[in-house]
Each structure stands twice: as C-alpha cells, then as structure tokens.
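Reading through the structure tokens given below for one structure.
No value in this document is a laboratory result; all are computed from the given coordinates. Owing to the predicted nature of the structure, the values given are computational and were not obtained by experimental measurement. Cβ sites come from the backbone with ideal geometry, for glycine too, and all protein chains shown count toward neighbours.
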Amino acid sequence: MSSIRQFRTALAAAQLGSFVAAGRHVGLTQAAVSLQIKNLESELDTQLFERRAQAAVPTPQGRRILAELEELVARYEQLQAQSGDTLRGSLRIGTLVSSLMGTFGTVLARVKHDYPDLHITLLAGQSADFAARVAAGELDAAVVTEPPHGVEPALVWAPLYQEPLVLIAAARLRHKSVASLLATEPFLQFDRSLWTGHLITEALSRQGAAPKTILELNSIEAIAELVRQDYGVAVVPLLANANWHASKQLAVKPLPGPAIMRRVGMLERRRHGKQAITQTLRGVFAQAAP
C-alpha cells in the first residue's frame, strides 16, 4: 500500500530531476528512492518517470498523476499542521542573515515560545538563490528582499516588513552631510549582483552620487564593522535589531529626499502543504511590525 512517504519521494524526484537529488532531500539512498518509485509505479500500473543517465523525467501520464499526488500531500500536511489545539509540523525556510538581525529574529523567538510543537529549520543564504530552491520544493518558503523583476507565476511574494536605507559612517564624520560623505569618503558597496545591491545602486543614482568604491561585500554586518573601523562609508538597510543609533562608533544618517525602503517578504509556492504554517508566520510578523 502506497504511503505519504512514497508520494513525497516521487514528488522530490520530479522537482529535483534525479533520484540521487531526491534521496539527499528525503534522507534515503538512491537505491531506496528507486525502489519506492518502482513500487508506486507498480501499484498505479503506470510509468511515472523516464530513467535517463543522471536524470529522472516525468512521463506525460506521470506529470498528471504527480500533480494529483502533490494535492494529496499538501492536504495531508495541512491537516497535520492544524491537528489538535496548536500548530505543529515542520518548515524548511531560507532566510537572509541580515533578516535574523531585523524583525525576523524577534518573530522567531515569539513563534518558538507560542508553538513549541512546530519545528523550523533555517538555511541562510541570498534572495536569488532561495527563489530557485523554493520553486523546486527544496524549501517550503524563504524570507527575502522584494524581487526587483517580480517572481515566476508558480511563486508568490508577500511583504512582511520594511527597512529604510541609510548612510553609515564613522563617528568622527557625524557632522558632515550625506552628499559630502558620498563625494569625499571611500565607499563600501553591498554586492551589486544581489537584490539589496540593486536597491542601493538605485538609491545612489537618486542622490546623483558616484562614490569611489574600494570594496564590495555581501554582508551588511561586515560592512558595518568596517565602517566602525573607519575604512569608509556605506549605504545599507537600517536593521531593526542592530542598534546602530546607540553606537558611539557609528553615525547613522537618513538619505535626503523620500525614504527608500528595503521591503522584506515571504516567498513561497502558490500552493503547498505548509501554508497553514506560513500564514501563521505572516500573522506574527504583522503583530511584530513597528
């Protein structure tokens, strides 16, 4: 008799494109994955996959059946998450390191206290990488910056909170203007290939600034530390829990003109089995928003 475990294995193979990758995802050997899918095909009297070298490709009939299995698994996971009087189950979620220093860190502490039966696995990384992993089903959701060019139709991004872009400088420079600092001081640039980097580049353009970049990094806190040590100035999102305003080593200056906000939100598939959990998380974010 087929089981939810077998359905998940088959879905992982379809999403990841191989039995090897599916095995890593569900914690089985390639041989065990192959056996589970073979038994499932036998019970359904249908070939679900074409076996190719290093790849598994769903057959036309397999795609139709796998879509139905995905519905069954999603419904089962929703029932599991909502069983009893509390939220339970597991969630694999990607998150920006900087979000853990912002509102997300506060939300996680509240969720851990309010829902002790809910197990959340966090994977740190970058927004663009998470989009592909959420689409493939490797992650249930991800907390990412707003995608600069939208998301593919199978995904949805919902805003959670926002952070203004500010200029940070060493304390000795606190009496200088933003325009003067961008024109005269060495500049520490957040990685322009990343979504937050795109936003910062846009902010500099609005300021009519072309600072002299001496270093490009993909860590906001690493940039802040170098600014504390007077290596240069930077434009970064004002992280909620960073407490930079209280630092005697940093000057935090709003950018002239209308505030430019980094919007952070939850990225997930339009339909998946963990939506009861992600909906609860979004609700906790709404309560925690300043």
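List the residues, sorted by chain then number, that are 5 or more residues from Val233 or on another chain and whose placed amide H is less than 5 Å from its amide H.
Phe187, Leu188
Less than 14 Å Cβ to Cβ from Ala124, Lys/Arg counted +1 and Asp/Glu -1: what total charge do the surrounding residues give?
Value of the local net charge: 0.
Would you mind computing Rg(Cα) / (2.2 N^0.38 Å) for segment 4-82, counting N as its residues?
In units of the 2.2 N^0.38 Å rule of thumb, it is 1.04.
Could you please rank Val144, Val20, placing first whichever residue has the fewest other Cβ atoms within 10 Å of its Cβ?
So the ranking, lowest neighbour count to highest, is Val20, Val144.
So what is the 222 nm mean residue ellipticity for the chain from helices alone, if each DSSP H run of at least 4 adds -39500 (n - 2.57) and you divide by all residues, rounding to the nearest 500 deg cm²/dmol?
The per-residue figure over the chain is -13500 deg cm²/dmol.
How would the chain be classified by its alpha-carbon gyration tensor: rounded, prolate or oblate, with rounded meaning a/c under 1.5 and the a/b versus b/c comparison settling the rest?
Because a/c hits 1.5 or more and a/b exceeds b/c, the chain counts as prolate.
Count charges around Val33 for me, please; just the other residues with Cβ under 13 Å from its Cβ, Lys/Arg as +1, Asp/Glu as -1.
+4
Measure off 7 Å from each Cα along the Cα-to-Cβ vector at Gln229 and Lys212, then give the distance between these two points in nanometres to one decimal.
2.0
Cut-off is 10 Å between beta-carbons; in what order do Lys176, Lys274 appear when sorted fewest neighbours first?
With the sparsest Cβ surroundings first, the list reads Lys176, Lys274.
Along the charge dipole of the chain, which of Pro147, Leu238, Ser219 sits closest to the positive end, that is, farthest toward it, with unit charges on the beta carbon of Lys, Arg, Asp and Glu (+1, +1, -1, -1)?
Leu238
What shape does segment 162-261 take by its C-alpha gyration tensor, where a ≥ b ≥ c are the square roots of the eigenvalues and a/c under 1.5 counts as rounded, a/b above b/c as prolate, and the rest as oblate?
Note, shape of segment 162-261 comes out rounded.
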